[in-house]
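J.: Pasting a structure below so you can have a look.
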Amino acid sequence: QVQLVESGGGLVQAGGSLRLSCAGIGSIAEINRMGWYRQAPGKQRELVADIAKTGETKYVEAVKGRFTISRDNAKNTVYLQMNSLKPEDTGRYYCMGVLRAAWGRPSSTNWGQGTQVTVSS
């Protein structure tokens, strides 16, 4: 069974930094796209950033220049470095991975349980 396990959330003051990590655990043949989504109270889950296996990245406009997504393919891990945090960045951050559990099997989208990020003003 495959799991995506996040870590690194917490409470930080505006202007501060946090680094989120998400590791794929279990039987994994390959992980294609990996990404971070967030959900604020009363709002829909939205894409923050994602990264292809090739390293190509995509960011939502609101975090460009402040957040950096990266990955370590050998460790099946994706990171999100968040700098210059703002109160509007507050939310639960979810890791997403499009992965293949074994060669010859179809890819599936997997989600972590989420990690809370709270930015105080």
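J.: So GLY91 clears everything in (1) free of Cβ contacts under 8 Å to residues at least 12 places away in the same chain; (2) touching a strand residue (DSSP E or B) at 6+ places or on another chain (Cβ under 6 Å); (3) at positive phi except one condition, right? Which one?
T.: (1)
J.: Tell me, please, whether a residue that is assigned to a loop (DSSP other than H, G, I, E, B) and among the aliphatic types (A, V, I, L, M) can be found in the range 35-48.
T.: yes
J.: Let me ask something else. For the subset of the range 1-48 comprising residues that are over 19 Å from GLN81 (Cα atoms) and polar (S, T, N, Q), which member is least open to solvent (accessible area, probe 1.4 Å)?
T.: Ranking the candidates gives ASN32 first.
J.: Return the residues of the range 61-113 that are open to solvent by 40 Å² or more (accessible area, probe 1.4 Å), among the hydrophobic types (A, V, I, L, M, F, W, C) and either in a strand (DSSP E or B) or within 27 Å of GLY42 (Cβ to Cβ) (or both); say none if nothing qualifies.
T.: Selection gives ALA62, TRP111.
J.: Assuming THR57 fulfils every condition listed in (1) within 26 Å of PRO106 (Cβ to Cβ); (2) more than 14 Å from the chain's Cα centre (by Cα); (3) open to solvent by 50 Å² or more (accessible area, probe 1.4 Å) apart from one, which condition is it?
T.: Of (1) within 26 Å of PRO106 (Cβ to Cβ); (2) more than 14 Å from the chain's Cα centre (by Cα); (3) open to solvent by 50 Å² or more (accessible area, probe 1.4 Å), only one is false for THR57: (2).
The values are calculated or read from the model by the stated rules, or taken from the named source; none is laboratory data. Note that this is a predicted model, so its numbers are computed, not measured. Cβ coordinates were reconstructed from backbone atoms using ideal geometry, including for glycine residues, and neighbour counts include every protein chain displayed. SASA here: full protein model, heavy atoms, side chains in, ligands and nucleic acids out. Shrake-Rupley method; radii C 1.70, N 1.55, O 1.52, S 1.80 Å.
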